[in-house]
Amino acid sequence: MIDIQGVDKWYGSTQVLFGVDLQVARGETVCIIGPSGSGKSTLLRTVNHLEDINAGSISVDGQLVGYREHNGRLHELRESEACTQRLGIGMVFQQFNLFPHMTALENVSFAPVKVKGENAAEARAYGLELLTRVGLAGKANSYPSKLSGGQQQRVAIARAMAMRPQVMLFDEPTSALDPELVGEVLAVMKDLARTGGITVVVVTHEMGFAREVADRVVFMDAGRVVEQGTPDEVLGNPTHERTQAFLSAVL
Ligand code: ADP
Ligand code: MG
């Protein structure tokens, strides 16, 4: 579903990704762990074409990210929005960034109508279904300012799901939350990851979540994938010294 090959990324004169290879199968749940500054967010953002890459290639569901085929030729695509919508990628960030002037339900049903041209009544019905699924049916008409951080993040997840993505990318979705609100968001993500068909990539520091939910754990350090394997392998019995050092610092 996601095929990352030999990706280099530079910010100005600083290289932050070095020949990253990563493949994610359809329906798989992958957790990316690693120290701050190791390039996890940058890698996730390149998959969504929020960042251009300097070498290598990324394809999602067989389509090159950042390019569009037209008359049998590939054309560079500048606009990430159009690209990710076409590829069916949803992304959830550390900061939930809900529209403050819209209710929870309006936040969730806005884009399907505006961007995909879905029927408004159907989008609302599906939005309510998604809010129910994240445990917020009773908050459909609440504004973000009336919701806790955990509730806002669950709305943000429902909002991303409303676009019916094939791939969901999460970048430290619980890092901005008070500790007592982390569990409710992880529970929603777990439910999602266990839904057949959807491919989930999560950058997280929640090792318990990674151990329980990930099919595969990827450890990144200094712009490289250092080690990957099952949670038992990477978290329980890491082979690389840098993975061992990282885990002993966080566990
Ligand atoms: P992580 O998510 O693992 O903490 P990031 O992908 O955010 O790592 O950052 C990787 C490196 O790239 C860091 O050294 C960071 O300072 C740098 N970096 C991230 N975003 C930018 C940017 N927009 N401009 C310049 N440097 C950046
Ligand atoms: Mg990051």
Any lysines with Cα under 23 Å of the Lys139 Cα? List them, leaving off those in the same chain fewer than 8 positions away. Lys114, Lys190
Carbon and sulfur together cover what percent of the accessible area of the range 1-119 at a 1.4 Å probe radius? 46 percent
Count charges around Pro231 for me, please; just the other residues with Cβ under 10 Å from its Cβ, Lys/Arg as +1, Asp/Glu as -1. -2
Give the separation of the Cα centroids, the range 179-217 to the range 1-50, in Å. 18 Å
Once Lys and Arg get +1 and Asp and Glu get -1 on their Cβ, which of Ile4, Tyr143, Met161 lies farthest toward the positive end of the dipole of the chain? Tyr143
The range 70-184 - Kirkwood radius from inverse mean 1/r over Cα pairs (Å): 14.8 Å
Most fluctuating residue of Glu184, Glu172, Glu76 in a GNM of the chain with Cα springs under 10 Å: which is it? Glu76
Can you send over the solvent-accessible area of Leu251, 1.4 Å probe, protein chains only, in Å² to the nearest 10? 120 Å²
With charges set only on the Cβ (+1 for Lys and Arg, -1 for Asp and Glu), what does the dipole of the chain come to about its Cα centre, in debye to the nearest 20? 660 debye
Using a Gaussian network for the chain with springs between C-alpha atoms less than 10 Å apart, which of these wobbles most: Pro144, Pro238, Pro179? Pro179
Kindly sort His240, His101, His49 by accessible area of their heavy atoms, largest first, with the probe set to 1.4 Å. His101, His240, His49
Among Val185, Phe170, Gly117, whose Cα projects farthest towards the positive end of the dipole of the chain, with charges put on the beta-carbon of Lys, Arg (+1) and Asp, Glu (-1)? Gly117
So what is the accessible area of the chain per residue, in Å², with the probe set to 1.4 Å? 47 Å²
Taking only C-alpha positions in the chain, Rg and Dmax in angstrom work out to 18.2, 55
Can you pull a Stokes-Einstein diffusion coefficient for the range 212-251 at 20 °C (1.002 mPa s), Rh from Kirkwood over Cα pairs, as a whole number of µm²/s? 211 µm²/s
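For the full complex of protein chains and a 1.4 angstrom probe, list Arg154, Arg211 by accessible area with the highest value first.
Arg211, Arg154
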If the viscosity is 1.306 mPa s and the temperature 10 °C, what Stokes-Einstein diffusion coefficient in µm²/s follows for the range 114-251 when Rh is the Kirkwood radius over Cα pairs? 95 µm²/s
Which of these, Val167, Val115, Val134, has the largest mean-square fluctuation under a Gaussian network model of the chain (Cα springs below 10 Å)? Val115
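The values are calculated or read from the model by the stated rules, or taken from the named source; none is laboratory data. The structure presented is a predicted model; accordingly, all values stated were derived computationally and were not measured. Positions of Cβ are backbone-derived with ideal geometry, glycine not excepted, and every protein chain shown enters the neighbour counts. What goes into the accessible areas is simple: the full protein's heavy atoms, side chains included, and nothing from ligands, DNA or RNA. Shrake-Rupley method; radii C 1.70, N 1.55, O 1.52, S 1.80 Å.
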